[in-house]
Amino acid sequence: MARYATVSSITFQGIEHEGRDKALERGLSLIDQAAWDKPDLMVLPEVFRDLCIDMKTIAETAEPLDGPTVTALAERARKYNCYIVCPFCEKAADGIYNSAALIDRKGKVAGVYRKYYPTIGELELGIRPGAELPVFQTDFGRLGIAICFDLNFHEVMTGLKANGAEIIAFCSMYRGGLQLLDWAFGLRRFIISATPSEHSRIVDPLGRVLADSSFYELVISRRINLDCAVIHIDYNFDCVAQAKKELGTSLELIVGSPEARYFLINHDPKTKIDEILRRFKCEPEDVYFKRARAAREEYLVKNLRK
């Protein structure tokens with residue numbers, strides 16, 4: 001069944017000597033602007049409120065989960081009936097973390113992600129690594145979160161997929177660039193990035209940039225549909241053609257020609273994309289690659305391992 005969600009990314013740059021209170025005020029103003037698009041999800045950059053201070057002192061500004069930053073954004077989440085990913089430096093019972101709280105539509109904290117791979121510099125400042133890769137259930141889909149340096153480590157992103165993430169919020173200091181597109185394509189997931197500079201992005205599972213921020217457009221929003229699938233063109237050419245012929249406009253078909261992929265987006269309100277794949281005998285990409293590995297192993301056993 002079609003599962004639409006409007007997602008917003010907020011580009012937020014720290015201003016030197018601005019002060020944390022003024023930074024929070026400016027962040028809330030951008031949230032107010034993002035609300036014009038009535039998003040289901042808003043994402044802000046890594047430790048957005050602390051971008052105005054010397055990062056060497058960030059541990060000194062750490063707040064508990066019920067501190068002023070999360071509390072202020074929780075009020076906005078409740079006001080605008082949306083989820084907000086709120087990055088902040090967390091003061092927990094066992095130490096300091098670079099964290100992102102997921103706040104739900106009622107202004108309640110639905111969960112917390114703690115940066116799995118703090119930088120060496122962060123570790124030296126006493127910021128602890130997170131120990132889990134949680135995925136949070138929202139009313140539009142399952143959300144994973146990654147923070148900045150995490151993007152460089154395969155186990156973080158593939159772990160989020162393995163744990164069931166359908167969409168990933170990437171809160172960062174750096175933009176990610178090609179890495180971001182590569183992860184979106186490799187994981188076949190939507191990624192919403194928020195950074196302090198230009199090129200915060202909304203990227204689809206084909207690695208296509210749907211929206212790209214600039215200094216003239218700090219808030220970007222797009223409506224996406226999470227009932228979708230990316231499959232390989234191999235062995236699927238005829239079945240996809242038949243599905244498109246029968247389903248018409250309810251099945252949106254995008255061809256990633258250089259990558260030999262089909263991106264199928266289901267707009268039917270009653271049928272799920274997985275049911276469509278089964279009905280028309282389209283082979284999911286993971287199944288195809290598993291079959292290819294098995295065929296290789298079978299060949300080796302029969303021909304080279306006698």
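What's the angle, to the nearest 10 degrees (0 to 90), between helix 285-303's Cα axis and the longest principal axis of the chain? Taking Cα atoms only, the helix is inclined about 60 degrees.
Could you list ILE84, ILE10 in order of exposure, starting from the residue whose Cβ has the fewest other Cβ atoms within 10 Å? Write out the running numbers ahead of the final one.
On the way: ILE84 28, ILE10 24.
In increasing order of surrounding Cβ atoms, one gets ILE10, ILE84.
Only helices enter this figure: runs of n ≥ 4 DSSP H residues, each worth -39500 (n - 2.57), summed and divided by the residues of the chain, yield -9000 deg cm²/dmol at 222 nm to the nearest 500. For the chain, the longest principal axis of the Cα atoms and the long axis of helix 20-34 meet at an angle of about 40 degrees. The label point for LYS22 and the one for GLU259, both projected 7 Å from the Cα toward the Cβ, are 4.3 nm apart. For the options LYS106, LYS272, LYS56, a Gaussian network treatment of the chain with springs between C-alpha atoms closer than 10 Å singles out LYS56 as fluctuating the most. Treating the angle as unsigned and between 0 and 90°, give the value, to the nearest 10°, between the Cα long axis of helix 178-187 and the longest Cα principal axis of the chain. Between helix and principal axis, roughly 50 degrees. Put simply, the amide H of SER197, placed in the peptide plane, has neighbours under 5 Å in PHE12, leaving out anything fewer than 5 places away on its chain.
Cross-link check: pairs LYS108/LYS270; LYS245/LYS281; LYS115/LYS161; LYS79/LYS115 evaluated at a Cα-Cα cut-off of 22 Å; pairs beyond the cut-off: LYS108/LYS270; LYS79/LYS115. Annotation: peptides 16-23, 159-166, ranked by per-residue average of other Cβ atoms within 10 Å with the highest first, follow the order 159-166, 16-23. Given the alternatives [x] 26, 23, 22; [y] 34, 24, 15; [z] 37, 23, 16, semi-axes √(5λ) of the Cα gyration tensor in Å as computed for this entry is given by [z]. How many angstrom lie between the C-alpha centres of segment 229-294 and segment 141-175? Value for the Cα centre distance between the two parts: 25 Å. Comparing ASP37, ASP212, ASP94 in a Gaussian network model of the chain, where Cα atoms under 10 Å apart are tied by springs, the biggest mean-square fluctuation is seen for ASP94.
Largest mean-square fluctuation among TYR113, TYR262, TYR216, in a Gaussian network model of the chain whose springs join Cα atoms under 10 Å apart, belongs to TYR216. In this structure, the amide hydrogen of ALA211, modeled 1.01 Å from its nitrogen in the peptide plane, lies closer than 5 angstrom to those of ILE202, counting only residues at least 5 positions away or on a different chain.
Rule-based calculations on the coordinates, nothing more; no lab input. Everything numeric here is computed off the predicted structure, so don't read it as measured data. Glycine gets a Cβ as well: all are built from the backbone with ideal geometry, and neighbour counts include every protein chain shown.
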